[in-house]
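Any read-out appearing in this document is the output of simple, stated calculations on the displayed coordinates, not a laboratory observation. Keep in mind that what you see is a predicted model, and the values were worked out from it rather than measured. Ideal geometry is used to build each Cβ from the backbone, glycine not excepted, and the neighbour counts take in all protein chains shown.
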Amino acid sequence: MTLRKALDNLGLALALAVLVSPALLFFLWMLSLSLKYEIDNTAYPPVFIPTRFAWENYVNVFQSNAFGLFFLNSIVVTGLSTLAAIAVGVPAGYGIARMKAVKASVVVLISRMTPGLSYLIPLFLLFQFLGLMGTLWPQVITHLVLTVPIVIWVMIGFFEATPMELEEAAFVDGANRWQIFWHVALPIARPGITVGFILAFINSWSNFIFGVVLAGRSTRTLPVAVYNMLTFEQVSWGPLAAAALIVTLPVLLLTVFAQRQIIAGLTAGAVK
Amino acid sequence: LSSVAAGNATAGAAQGAKAEGRPAGFLRVSEPVRVYWPFAAPAVVVVTAVIAFPWLFTLWMSLQEWRVGSARSFVGLDNYARLLSDPRLLDALWHTLVYTALAVVLPLLFGLVAALAFHRRFPLRGLVRGIFILPMMATPVAIALIWTMMFHPQLGVLNYLLSLVGIPPQAWVFDPRTVIPSLVLVETWHWTPLVMLIVLGGLAALPTEPYESALIDGATRWQTFRYLTLPMVAPFLMVAAIIRTIDALKAFDIIYAITQGGPGTASETINIYLYSVAFAYYDIGYGSAIAVVFFALIVALSLVLLHLRQRTKWIEVGAAA
């Protein structure tokens, strides 16, 4: 019996090792590439752990490009589109949940099924017509396509799960609907808002397709900037890998520290 | 990245209906709709502006002959007729279907296995699961760049790893014959965690009684999996399959960043071709027609999957981009 149990645990450990190693090794390799000098990166057989670390790869990324500007662009685009999504999406989730207008979620589904490019053609023409190209506004507005449905979706689920008794009590005490929302429903839904914020933030931060079409030379977000480094500039692997790591580090850290909330948000309803 | 939130509506509605002795006027049947509309109004405006308007505009443009910089003229369904005789589009359609089939089946398979493993209890489970889901959270362009380096025929680490087990070097994304499987490898690596999370959620929700009786009846592990677990998680696998299908059909970032549809057009999917037509050739009318047909294809394939299993309700799939 104990032998069987030991074998069982060994099997599980092996299975987990096989399952997790592609993710683990990939990110370690990414880190390794970003910390090696060109001579180590082009060595064969590959050097896994270098004897000297090329910390200047990270310095180079910021010095040889307008990377600081692109970082700022990303923060503005993602920050504004996520905050705007919270501002309109949280009350909407509340309204939809209380109206029991579950069918509204079909809009969310359709927005998921629509290829990003089919939003882009009309919006691109519209932004040109309005003379907004060259500013960050086209990207901020287009990112709402991603962030608003996510926030609405997460919030519908959270508000439906919150008990109505407190709201009823507030109603009896003479509060109006707005006061009930602001002082009763909203504080309870704070964890939900966190989940919505995180998911919207990650989606917007990683978005590439909108930026490829809408970003100009000075309005690039980080994913577009990294892509341009790859295709248009002859850069050695070290700084490229360092740039890639810088781009994705914020969302990876968010994943590590907010794993519980992210999983809750991603699987909220599928589990019901 | 996707979210698999599903309507908790039924639970909420049931709760609401059960509650007796509600204060007068709090939620009369006719009232909620009117009273709560103002909360949804701003979102309705935004959704109309950035989602509904582009849709109607795309439909309208698909009936026009229109290149940026030249005059626009109404051509009826000509753009749609042109689709049928466009060999590059038909090629792209084939690539899209092959890519999608592989990029749905493989993550589903590995995701199911991973979910079964993560459903067990073991030390450091949270940490291990955290590492496992990192790929799906990572920025696609950033990981595409690293994969491009790993695919490098001479210096790439993948060919080195193959050489360790005696497999000759491959050209990966640089050979028309292996480019799509190589991209599917990246897609599988990227999205298996999402399938795992969906199925893991399903496993957590399973009742324990059937397992207890199976244990008493002396069922083997395989029997328990085959006749208990698999049928019970099937609806969740189906949700995952539909989400994967939608996402794989729409795949853009990784393909574009690694191959731009190449070599030649060997990995050009509909989405990549659509990008070229609309934003490289600026053929807006034709691009819009492709977009409409592409969307129809996505909806059609999702509906087919849905009908394979009626138990999966639309609302369960409801998922935010």
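If I build a Gaussian network model for chain B, linking alpha-carbon pairs within less than 10 angstrom, which residue out of B:ALA204, B:ALA103, B:ALA257 has the largest mean-square fluctuation?
Maximum among the listed residues: B:ALA204.
Within chain A, what is the longest stretch that has no chymotrypsin sites (Phe, Trp or Tyr not before Pro) placed in a DSSP loop and near at most 14 other beta-carbon atoms within 10 Å?
Values: sites that count: A:PHE48, A:PHE53, A:TRP55.
Between the exposed loop sites, the longest stretch runs A:56-272.
Taking chain B as a Gaussian network, where each spring joins two C-alpha atoms under 10 Å apart, which residue of B:SER213, B:SER182, B:SER267 fluctuates the most?
B:SER213
What 222 nm value per residue comes from the helices of chain B, counting each DSSP H run with n ≥ 4 as -39,500 (n - 2.57) and dividing by all residues, nearest 500 deg cm²/dmol?
-21000 deg cm²/dmol
What is the Cα coordinate range of segment A:122-272 on the first, second and third principal axes, sorted by size from largest, in whole angstrom?
Cα spread of segment A:122-272 along its principal axes, largest to smallest: 68, 40, 24 Å.
Straight-line reach only, C-alpha to C-alpha below 14 angstrom: list the aspartates and glutamates that A:LYS100 could link to, leaving out same-chain residues fewer than 8 apart.
Correct list for A:LYS100: A:GLU160, B:GLU31.
How many angstrom lie between the C-alpha centres of segment A:86-138 and segment B:269-306?
Cα centroid of segment A:86-138 versus Cα centroid of segment B:269-306: 19 Å apart.
Just tell me how shielded A:205-213 is by partners: mean number of partner chain Cβ atoms within 10 Å of each residue's Cβ, no decimals. All intermediate terms of the calculation are to be shown ahead of the outcome.
Working: counts 2, 9, 6, 10, 8, 0, 1, 7, 3.
Average neighbour count from other chains, rounded to a whole number: 5.
Nearest 500 deg cm²/dmol is fine: what mean residue ellipticity at 222 nm does chain A get from its DSSP H runs of n ≥ 4 alone, each adding -39,500 (n - 2.57), divided by its residue count? Write out the running numbers ahead of the final one.
Numbers: 14 runs with 204 residues, N = 272.
One gets -24500 deg cm²/dmol as the mean residue ellipticity at 222 nm.
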